[in-house]
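First up is the structure itself, then whatever we jot down about it.
Just so it is clear, none of the values below were taken in a lab; they were calculated from the coordinates. Note that the structure is a prediction, hence the values are computed from the model and not measured. Note that we place each Cβ from the backbone using ideal geometry, even for glycine, and neighbour counts take in every protein chain shown.
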């Protein structure tokens, strides 16, 4: 995976694909209609941070995200139903298979669930926006925390810290559990929050056995056939914080295997976190690219994506 844009899929995926109707262009993923009950989810090589799409791309990133997500969806399918129908483009409808050279390895045929109007973030460690909120208020999303906790310290127990799902170009905002219940309903909030915690605990244990700390992660859920379904991506370096057990130390930021590399570089500039985003140095992108590939290999045991 490199930062060079030699792959013809990169510019092609930014354009119209014959025979496919694009429903939505997200920060990283594009969604295409298949029929009333199915959609095609395509992970592009776009890079986003602070809810803004950066001008640069990471070639192959979409394939890493797709393979890692599909690995975790398979691992956790007994905990919660997920949206995956098919991952092999050759076995998908003809309109999709016709673009196999562009879509192969980065596309998933999924159930067309109705997304919940919130993101479910589970934190096991004090980092990122959670650390910033704690230093100001002693809380995260209404959760009272003990005083004197340090940056990157493990929390007394994993906690659900939901956010709004803001339109593209706007920023998500932390909300409390009662606010989450108001958005999605009390029963759905309770059931889905419990699923999010179960998923985090499972993945954190799995990663720890492989020398990796899963510090926090984001889930998205939808409703399909009247029941909660896990959707979008799962435990990728775009949606999660991954740290190395051997280099972990309380009281400082960690050398990460995730998008925090890009966030940190942007935080060091005078950018106001509104569109357009500045270009990053090649070295930052190369480090992020290498770390995305490495976390995929360490988690799955597979070769290079």
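Here are some notes:
- Model label sites at residue 290 and residue 98, defined 7 Å from Cα along the beta-carbon direction, differ in position by 4.3 nm.
- The alpha carbons of region 189-305 occupy a box of 46, 36, 33 Å along the principal axes, longest dimension given first.
- Summarising the label geometry, the points placed 7 Å from Cα in the beta-carbon direction at residue 198 and residue 36 lie 3.1 nm from one another.
- Ranked 240, 147, criterion: other C-beta atoms within 10 Å, fewest first: 147, 240
- Separation of region 261-303 from region 79-105 is 27 Å, based on Cα centroids.
- The fraction of Cα-Cα pairs per 20 angstrom bin, counted from 0 for the chain, comes to 33, 61, 6 percent, rounded to whole percents.
- Every helix of 4 or more DSSP H residues in the chain counts as -39500 (n - 2.57), and over all residues that averages to -9500 deg cm²/dmol at 222 nm.
- The P(r) of region 9-112 has a tail past 17 Å containing 51 percent of all C-alpha pairs.
- Bins of 10 Å from zero: percent of alpha-carbon pairs in region 97-244: 10, 37, 35, 14, 3, 0
- Legend: ranking of residues 267, 144, 294 from fewest to most surrounding C-beta atoms inside 10 Å; resulting order 144, 267, 294.
- Sorted by Cβ density within 10 Å, fewest first, the residues 136, 63, 77, 287: 136, 77, 287, 63
- The GNM of the chain, with springs linking C-alpha atoms under 10 angstrom apart, assigns the highest mean-square fluctuation among 97, 189, 127 to 97.
- Largest mean-square fluctuation among 135, 163, 217, in a Gaussian network model of the chain whose springs join Cα atoms under 10 Å apart, belongs to 135.
- Given their separation in residues at 0.36 nm each and the Cα-Cα distance between them, residue 248 and residue 273 gain 6.2 nm when the chain is fully extended.
- Estimated distance in nm for a label pair at residue 77 and residue 282, the labels positioned 7 Å out from Cα along Cα-to-Cβ: 4.3 nm
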